[in-house]
C-alpha cells in the first residue's frame, strides 16, 4: 500500500509542478507546509500551491517534530555528521545520506536529499525530512533563508481543487498520535458545506481504509438572496448548512436557511419527502438531517430564480470565485399585463360601445325619481274616486234629511 502511496504522491507532485505558475517570483510570500501524516510537503505562494512533493520522515521512535520553524541555513554539497558519533563524517557524494542539498530548520533537523530514494513515502529517518534529489534541488532554488516552515500532523485533509470540486483524504496513523471517528471527519467537512453529502457509513469505511486517496464530494458555493449573503441557520440545537452544492449534475439548495432569510413558513413532510410553502410544493431531500431541494424548483417553492455567477472584482473583471445568486420574481397582476396593439384596439372599441349602450339605456329607461313620481300620481288617482263616492253619499243623506224636515207632522192635521 505504501508503494502505491509513493507512486500516487509522485504523480501528484509532477502534476502540480507542471501546472504551477512561475510568473510571480516574490519569494517573500512563500511558505512550506509539511503534513507528517500524509508525508507530503507543499510549497505555497500566498494561498496558491506551487509544488507538492512526497517525503520520507522520522521513524515512530524518532518522529519529525511538529511546530513552526523557518529555514535558517542553506548548503550545497553538505557533509554528513553522524549524530551518534560526531567524529564520523561522510563528505558530499553518492554515499552521503543528505544528498546534495541541505536546509536546516532546527538544530540537527533539516530538509535534505537522500541517497536512498526508495525510502520516500515511509517513516525511516532520525527525524529529518528526506526528499528525492531532483525535488530538493528544485525546492532549494525556490526558497530563501527565512522562509517559514510549518510541520503538522493531520490525518484528515479537505481541499478545494481549481475546478471547485471538494475532496477529502484520510491518512494512516503512522505515529499513533491521532485517533479519529466520523464526528471528527464531519467537523472538517462542515465548513466547506458538503458534510451532508457524505454518509457516516462511507466515512467509517474511509477511516478503515486510511489510504490517503481522494474522495470527491461535490462543488459548494455561497448563496446570495436579493444581494444579501445567506448565512447558516441554527434552530433547536441544529445547524443548517447554507451553501449550494452541485453533485451529479444537480444543484441542491438548503431549504431552511432560505425560508428563514425570506421569512416564509416552510413545511417538511418526511413521509412524502415534500416541502411546502405558501407558493407551492416540491420534492425535498433529507441528507443527515439537512433538508435540500432542486434549484430548478426554487421559483415554485420560494418565488426565487437565479443561478451560478462569477464574482466581479472592483475593476469590473470577473474572478474565478462563483456565487449562487437568487432574486425574488416580480409578479405582474393580470389586469396590468401588457396587451398587443390589436388587443388594445378591441378593448377601446368595446369600452366605447359599452358607454354608448349605457347612455341609451339611461334615456329610454325612467330614472328612480321619475318612477317615484309616477307611483305617487297613481296613488292620488286611486284615492280620488273614493272621495267622490263619499261626496255623493253625503249629498243623498242631506237630501233625505231635508225631505224629512219638509214633511208635515201628523199631530197638526
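When you go through 85, 77, 96, 35 one by one, which is the residue that is over 20 Å from residue 140 (Cβ atoms), out of contact with any helix residue (DSSP H, G or I) (no Cβ under 8 Å at 6 or more places or on another chain) and free of Cβ contacts under 8 Å to residues at least 24 places away in the same chain? Every option except 85 fails the conditions. Only one residue in 299, 291 is more than 16 Å from the chain's Cα centre (by Cα), free of Cβ contacts under 8 Å to residues at least 60 places away in the same chain and crowded, with 16+ Cβ neighbours inside 10 Å, so which one is that? The unique qualifying residue is 299.
Among the numbered conditions (1) surrounded by 15 or more Cβ atoms within 10 Å (Cβ to Cβ); (2) within 30 Å of residue 179 (Cβ to Cβ); (3) more than 16 Å from the chain's Cα centre (by Cα), the only one that residue 220 does not meet is (3).
Look through 217, 207, 203 and report the one residue that is at pLDDT 95 or above and within 19 Å of residue 294 (Cα to Cα).
Within the list 217, 207, 203, the selection yields 217.
A single entry from 20, 7 fulfils the requirement of being within 16 Å of residue 131 (Cα to Cα) and either assigned by TED's automatic domain parsing to the domain that holds residue 143 or modelled with pLDDT under 95 (or both): 7.
Of the set (1) within 25 Å of residue 33 (Cα to Cα); (2) surrounded by fewer than 18 Cβ atoms within 10 Å (Cβ to Cβ); (3) touching a residue at least 40 places away in the same chain (Cβ under 8 Å), all apply to residue 117 but (3).
Take residue 239 and decide whether it is assigned by TED's automatic domain parsing to the domain that holds residue 218, in contact with a helix residue (DSSP H, G or I) (Cβ under 9 Å, 6 or more places away or on another chain) and assigned to a loop (DSSP other than H, G, I, E, B). So residue 239 fails the test.
Among residues of region 49-66 being assigned to a loop (DSSP other than H, G, I, E, B) and touching a residue at least 12 places away in the same chain (Cβ under 8 Å), the one that is farthest from residue 36 (Cα to Cα) is 62. If only residues of region 169-188 that are under 18 Å from residue 216 (Cα atoms) and surrounded by 21 or more Cβ atoms within 10 Å (Cβ to Cβ) are counted, the one that is nearest to the chain's Cα centre (by Cα) is 185. Taking the criterion of being farther than 20 Å from residue 35 by Cα, in a strand (DSSP E or B) and modelled with pLDDT under 95, would at least one residue in region 89-96 satisfy it? The answer is yes; a qualifying residue exists.
Looking for something in contact with a strand residue (DSSP E or B) (Cβ under 8 Å, 6 or more places away or on another chain) and either over 20 Å from residue 38 (Cα atoms) or assigned to a strand (DSSP E or B) (or both) - is there at least one such residue anywhere in region 208-215? Checking region 208-215: at least one residue is in contact with a strand residue (DSSP E or B) (Cβ under 8 Å, 6 or more places away or on another chain) and either over 20 Å from residue 38 (Cα atoms) or assigned to a strand (DSSP E or B) (or both). Of note, residue 136 satisfies the criterion of being closer than 15 Å to residue 39 by Cα, modelled with pLDDT of 95 or more and in contact with a strand residue (DSSP E or B) (Cβ under 8 Å, 6 or more places away or on another chain).
It is to be established whether one or more residues within region 197-207 are crowded, with 21+ Cβ neighbours inside 10 Å, farther than 30 Å from residue 122 by Cβ and assigned by TED's automatic domain parsing to the domain that holds residue 283. Yes, there is a match, as at least one residue in region 197-207 is crowded, with 21+ Cβ neighbours inside 10 Å, farther than 30 Å from residue 122 by Cβ and assigned by TED's automatic domain parsing to the domain that holds residue 283.
Meeting the requirement of 2 or more residues that are more than 25 Å from residue 235 (Cα to Cα) and modelled with pLDDT of 90 or more, the strands (runs of 3 or more DSSP E) wholly within region 285-349 are 304-312, 318-328. Scanning region 182-207 for residues that are part of a loop (DSSP other than H, G, I, E, B) and without any contact (Cβ under 8 Å) to a residue 40 or more places away in the chain turns up just one, 198.
Being surrounded by 17 or more Cβ atoms within 10 Å (Cβ to Cβ), in contact with a helix residue (DSSP H, G or I) (Cβ under 9 Å, 6 or more places away or on another chain) and more than 24 Å from residue 160 (Cα to Cα), is that true of even one residue in region 272-279? Break it down into steps so the answer makes sense when it comes.
Just the residues of region 272-279 that are surrounded by 17 or more Cβ atoms within 10 Å (Cβ to Cβ), to begin with: 275, 277.
If we keep only those that are in contact with a helix residue (DSSP H, G or I) (Cβ under 9 Å, 6 or more places away or on another chain) too, we end up with 275, 277.
When the remaining residues are screened for being more than 24 Å from residue 160 (Cα to Cα), the result is 275, 277.
Yes.
Pick out the one residue from 114, 42 that is assigned to a strand (DSSP E or B) and at pLDDT 95 or above. Explain how you work it out, then say what you get.
Values: 114 fails: assigned to a strand (DSSP E or B).
Matching residue, one of 114, 42: 42.
Condition test on residue 258, is it buried (at least 16 other Cβ atoms within 10 Å of the Cβ), within 15 Å of residue 325 (Cα to Cα) and within 13 Å of the chain's Cα centre (by Cα)? If you could, list the steps in order and put the result at the bottom.
On the way: buried (at least 16 other Cβ atoms within 10 Å of the Cβ): yes; within 15 Å of residue 325 (Cα to Cα): yes; within 13 Å of the chain's Cα centre (by Cα): yes.
Here the answer is yes, as residue 258 does meet what is asked.
If we scan region 267-287, do we find a residue that is in contact (Cβ under 8 Å) with a residue 24 or more places away in the chain and closer than 30 Å to residue 172 by Cβ? So far as region 267-287 goes, yes, one or more of its residues are in contact (Cβ under 8 Å) with a residue 24 or more places away in the chain and closer than 30 Å to residue 172 by Cβ.
Among the residues of region 302-319, those identified as surrounded by fewer than 15 Cβ atoms within 10 Å (Cβ to Cβ) and touching a residue at least 12 places away in the same chain (Cβ under 8 Å) are 305, 307, 309, 310, 311. Look at (1) out of contact with any helix residue (DSSP H, G or I) (no Cβ under 8 Å at 6 or more places or on another chain); (2) surrounded by fewer than 16 Cβ atoms within 10 Å (Cβ to Cβ) and you find that residue 109 fails only one, number (2).
The values are calculated or read from the model by the stated rules, or taken from the named source; none is laboratory data. Just so you know, these numbers come straight off a predicted model, no measurement behind them. Note: ideal-geometry Cβ built from the backbone for every residue, glycine included; neighbour counts use all protein chains shown.
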